[in-house]
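Remarks on the structure that follows.
Throughout, read-outs are computed from the coordinates displayed, never taken from laboratory work. No experiment lies behind these values; they were computed from the predicted model shown.
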Amino acid sequence: MKRCWSVACVGALAGIVAALASAATIPASEDYDVLTKAYEAQMGAYRAKRAELAETEAYKEARAANDRDAVAKLFATIPAIDTAAWSERFWAGAQDHAGTDAAIEYLTWLVRHDTSKERIERVATIVTAHADSAAVLPFAESLAYLTRSLGAEAAVNACSALIARNENAEVLANAYFNRATIVKPISDAAKAAAEDVLAKVVELLPDSIPRCAPRHRSSSASGCRSAWLCPTSPAKTSTA
């Protein structure tokens, strides 16, 4: 298959790689906020360079020819994010703050981003050492969306552990609601049980239903993925 690799195209690709390499520097600090901002900056640079590459003539020609191999080779010129290296940084932070609430945010980042088999161990650490802390809220909020990587059983068990040991209303509301979401009830009996859960959530947080945040909305009339899990009273439905 004939391809056009002009000097301009090659030069553009070289510039992309050089710019991304410059943006990839990881700071020495183990501070959580610094690490998080550095990771997000690198991820943003990565996405920007992919978008930039998609505007090159070489990419457009490959797409027009439906040449998937050529497209893959083009994207391969952009170094992928080294998630393992970032995970080592965040794990070091978690170890530095082991036993304190400060460790939770590092561990939660690892649960959300680390794809290694140690992810389950991170969850166990949070549940074992920090289930009674209000600082586990970001972890509690994530559980319904981690079932694919953690497995439904592990996610449900984590929710149950938070319900058993935590006294913070917002943590409990997320744990109750996520547990019901993960189970995905389909029978009338299960639906009734989940509505009981909703009542508990409303009792805990009368002005906010956690899963009705904009990032979780779908095309359903209620704005939530599971319409019947949303409150019927507009006054109690979060529009934030």
Rounded, prolate or oblate, given the Cα gyration tensor of segment 64-118, with a/c below 1.5 counting as rounded?
prolate
May I have the pair-distance distribution P(r) for segment 43-183, computed from all Cα-Cα distances with 10 Å bins from 0 and rounded to whole percent?
12, 33, 23, 17, 13, 3
A correct Karplus calculation of ³J(HN,Hα) over segment 70-87, with 6.51 cos²θ - 1.76 cosθ + 1.60, θ = phi - 60°, whole Hz and x for Gly and Pro, returns 5, 4, 4, 5, 4, 5, 5, 6, 9, x, 6, 5, 7, 4, 4, 5, 5, 4
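Which shape class applies to segment 38-90: rounded if a/c is under 1.5, otherwise prolate when a/b exceeds b/c and oblate if not, where a ≥ b ≥ c are the square roots of the Cα gyration tensor eigenvalues? Present the calculation step by step, with values, prior to reporting the outcome.
Values: a/c = 4.83, a/b = 2.31, b/c = 2.09.
Prolate, since a/c reaches 1.5 and a/b exceeds b/c.
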